[in-house]
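I have placed the structure first, in the form of structure tokens, so that the comments after it can refer back to it.
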Amino acid sequence: MNWTILQWVLLLASAGQIHSRALRFTTLEEQEAGVKIGSLSTTYSAPYRLLDERYIRVDESTGDLFTKERIDRETLCPSHQDGDCTFSNTAVVSLNLEVVPMIIVVEDINDNAPIFERNVIPLHIPEDASIGTAFPLDDEAQDKDTGDNGTIRYYLEDSGGFFSIRQDGHELELVVQRELDRETQESHVLVLVAVDGGSVPLSATANLNVTVTDVDDNCPEFDADSPTAAIVLALGVKGTAVAQLKATDKDLGQNAQITFSFSLQISDRAKALFHMDGHTGLISLAVDAQVDSSEEHTLKVFANSPLCPPAQTQVTVYMQPVTSPELSVKIKFIAEHKNQVIVLQENEPPTVLALLELEDTSTAEGTLSLDKDSMPFSLKPQAGSYLLSTSKPLDFEMCGEYEVTVIISDPDGTHLHRREVIKVLVEDVNDNAPKFEQTRYEKDIRENNEPGVFLLRVQASDADSQQFGKVRYRLTNGGPFRIDKETGVISVAESLDREQQETYVLTVLARDGGEPSQEGFVNVYINILDLNDNPPAFPTPHLYFFVSESLPQLSQVGKVTASDSDKGENGRIVDVRILNDKVPFAIDLAQGWLRSTGEVDREKQDRYELLVVAVDGGSPVLSATAKITIFIEDVNDNQPQVLLPSSNLSCLTISPSTRAGSIITKIYAIDEDSGMNSDITYQIIATQPTLHSPFQIDQHSGYITLVQHLRGEDYGMHHLFIVVRDGGKPDPLQSTVWVNLLINETLEKCHVNAVPDYSLPPLPPPMPVKDCRCESNAWLIFYCGLCLMVISVCVLLAVVVVFTKRRNTKRKVEQKHVWETENLCELKPLN
């Protein structure tokens, strides 16, 4: 406020012209500049001024208040989120310079969507959490709007039924709905959706990452590849490893700790020979071992964990006696091998792996065989050696590592010399395509969504290992949709319109990392749900119909239909009606016809301008209007009205000296119909006296003229009976009038007390159009015609003479035998 305005305020305040009661006006935020919010003229007189025109302005003459710029309530009142947002102004009004304080209230609209501070919300929940347990969420969404526009409600997407959201006022909790198992699913990725309470709700999403923490709910189990047999060679040294047992507990950390121990039921000899490492599960020799004969010891081993019954397994240890050198096996690898380990790709047909030969440093004889558990391998004698082969293709996904046990024994099988273990590693190949968890996916979404909204997550797995099993996703026909290539999360990149496309069928391609890669695909059906965002529409905004004024009641005038591109109730037209009052028309909603409900008279009203509205059945209700113009076509329902003469007893005096061809009077008549129905013709039907009348009437203009010089016998009263007829088809209408003309030397006013009796004969056909001037000059026309006839005869005779002469000349020329050019030239003028 500048110093001059401040001086005015102080001056007016000292003069007692400042009103203590403030005027209150209301406006919505985010309106365009120039929107009227109220007026000072209802209370105060002009002129009007504002001391501060930052947000609003005033019309100095009318006192109307208008917005000057867009007003953002959240910017204007950042600290009044839950209360009224106002700003003050002062108006100087009237010639007395009254100062009027004003308060302008800026009302909120739903122009702010909820916002999460973090896009990802982490939460840890123990796997033993019981159903119904609630965990508070501190990451609530914020909405800058007020009232219902700022009220937020929450729901979850992709919870899989494990969790739900409970909202109590401002308290937000995640509630467990199903039993959790960390060992089955360690984490859950949920989508937390916040929706405000606006009439057109806005939303925001955040990923809720729930990590299921471990509890001690699993017991140890021995691994499938934990050894069940071992061989101790003669002269075993204390501390020599016998067997390494393996056991696992699916829990984590302290909950997964395992201790190993021997059963108390093993023999004393075994207790003395073997030692168990309680932490690692390694069985080793407790003493230097030297046996004279073969020994077999069965060791029962426990894997222990707190609060769990022990898991148990048996290990059979074969002790070899001290003897002279025995049979041994020499392995000649045929297949690929690394560090004495055979490496074979999966899916290979039965393949020879190695050639096994017995090395005999003594006189002992032996034979080779496979342990009964050495499947799917075979050992076949071959020229004193043995071929180790696969008996069927190996599958990495079923087993990635095999230990083939070769047994060296006597030929009769009574004495076991030793066992030889050959390791075979199965090398993975990319032989499995990614497979989706579902055969198809389907998701519904409402149209007019916010861009970037999360839809659903697809997930595929690949049974192959490492890079072969790593899956990436892409859309082959994405359109407005996007997919995260790592997570398979599908979102929509733009707002969708059901009226343009109601269903999208997306093809999601999952590709692994192999070379060449393998692919799997699944169809995702996106159904766009309808909102009532389209008002009804008429075929054209302005309809035209033509009807006759003789239209019967309830007759069809024309088809009036409206359509709505929405679906269901949103697209159903529930009402089509005329907004005009007191019109003789109505709309038959069942059949879509505009019908007449009363009489129409073109002479009273020649057209009707109707405004018709169509309303749909959606929520909120939408409507549209169209204009209908009905033109009333004329029928011949009005007979001509004679305006002049005004009575059959009217009379006009004519001087005998009136010249022939003079206009005596004129018949004035009108017809309220239009077009041909109002085309009036005049005809003299009867005269009195009945002798040849000196008067004639023009058929079209109604002028009555004197057609001959008046003679003595013409003196007196002449009554002309005139028929006034319209041009209606097929039956014209008519009126009659008597024209009374008195031929008299004195021009005193004449009087007629009665007209002759005359009954109108049946309606004759209209008279042909006749030119009165031609009739009055009949003789002139006759002479003109006679002259034209004579001239025509003369011209015809001249043509005959010329033709005859040319014919004779031609005949003479043909009789000559020789012609010369000079002669031809001389003959030319004769023609």
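The values are calculated or read from the model by the stated rules, or taken from the named source; none is laboratory data. For clarity, every value in this text was computed on a predicted model and none was experimentally measured. Using ideal geometry, Cβ is built from the backbone for each residue, glycine included, and neighbour counts are taken over all protein chains shown. We work out accessible area using only protein heavy atoms, side chains counted, and drop any ligands, DNA or RNA first. Shrake-Rupley method; radii C 1.70, N 1.55, O 1.52, S 1.80 Å.
Laid out as a table, the results:
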{"read-out": "Computed accessible area, Arg178, all protein chains, 1.4 angstrom probe, square angstrom", "value": "110"}
{"read-out": "Segment 43-64 versus segment 422-447: alpha-carbon centroid distance in Å", "value": "73"}
{"read-out": "Label assignment, volume of the Cα convex hull per residue in Å³ derived from the structure, set (i) 610; (ii) 263; (iii) 293", "value": "(i)"}
{"read-out": "Principal-axis tilt of helix 778-814 within the chain, Cα atoms, nearest 10 degrees", "value": "70"}
{"read-out": "Exposure of Leu786 as accessible area (Å², to 10), given a probe of 1.4 Å and all protein chains", "value": "80"}
{"read-out": "Extension reserve of the Ser130-Glu437 stretch, reckoned as 0.36 nm per residue once the Cα distance is removed", "value": "107.8 nm"}
{"read-out": "The chain: relative contact order as a whole-number percent, Cα under 8 Å and 6+ apart", "value": "5"}
{"read-out": "Set Lys300/Lys392; Lys443/Lys485; Lys238/Lys332; Lys250/Lys338; Lys443/Lys470 screened for pairs whose C-alpha atoms are more than 28 Å apart", "value": "Lys300/Lys392; Lys238/Lys332; Lys250/Lys338"}
{"read-out": "Candidate aspartates and glutamates for bridging to Lys330, where Cα separation is under 12 Å - those fewer than 8 sequence places away on the same chain excluded", "value": "Glu357, Glu359, Asp360, Glu420"}
{"read-out": "Cut-off 14 Å between beta-carbons: net charge of the residues surrounding Ala311, Lys and Arg +1, Asp and Glu -1", "value": "-1"}
{"read-out": "Over segment 431-502, relative contact order from alpha-carbon pairs under 8 Å, at least 6 apart, %", "value": "35"}
{"read-out": "Area of Asp52 that stays accessible when all protein chains are in place (1.4 Å probe, Å², to 10)", "value": "50"}
{"read-out": "Cα-based helix-to-principal-axis angle, 3-14 vs the chain, degrees rounded to 10", "value": "80"}
{"read-out": "Protein accessible area in the chain, 1.4 Å probe - carbon and sulfur %", "value": "52"}
{"read-out": "Relative contact order computed over segment 236-376 (Cα-Cα under 8 Å; 6+ residues apart), in percent", "value": "19"}
{"read-out": "Virtual spin-label span in nm between His275 and Val291, 7 Å along Cα→Cβ", "value": "2.0"}
{"read-out": "FRET efficiency estimate (nearest 0.05) - Cβ-Cβ, Asp679 to Glu183, R0 60 angstrom", "value": "0.05"}
{"read-out": "For peptides 430-437, 72-79, sequence by mean Cβ density within 10 Å, most packed first", "value": "430-437, 72-79"}
{"read-out": "Pairwise centroid distance, computed over Cα atoms, of segment 600-678 with segment 460-498, Å", "value": "75"}
{"read-out": "Per-peptide average of other Cβ atoms within 10 Å, ordering 676-687, 591-602 highest first", "value": "676-687, 591-602"}
{"read-out": "Anchor Lys627: aspartates and glutamates whose Cα lies under 19 Å away (excluding residues fewer than 8 positions away in-chain)", "value": "Asp564, Asp575, Asp581, Asp588, Asp606, Glu609, Asp616"}
{"read-out": "Distance between segment 162-213 and segment 699-720 - C-alpha centres, whole angstrom", "value": "110"}
{"read-out": "Per residue accessible area of the chain, 1.4 Å probe, in Å²", "value": "57"}
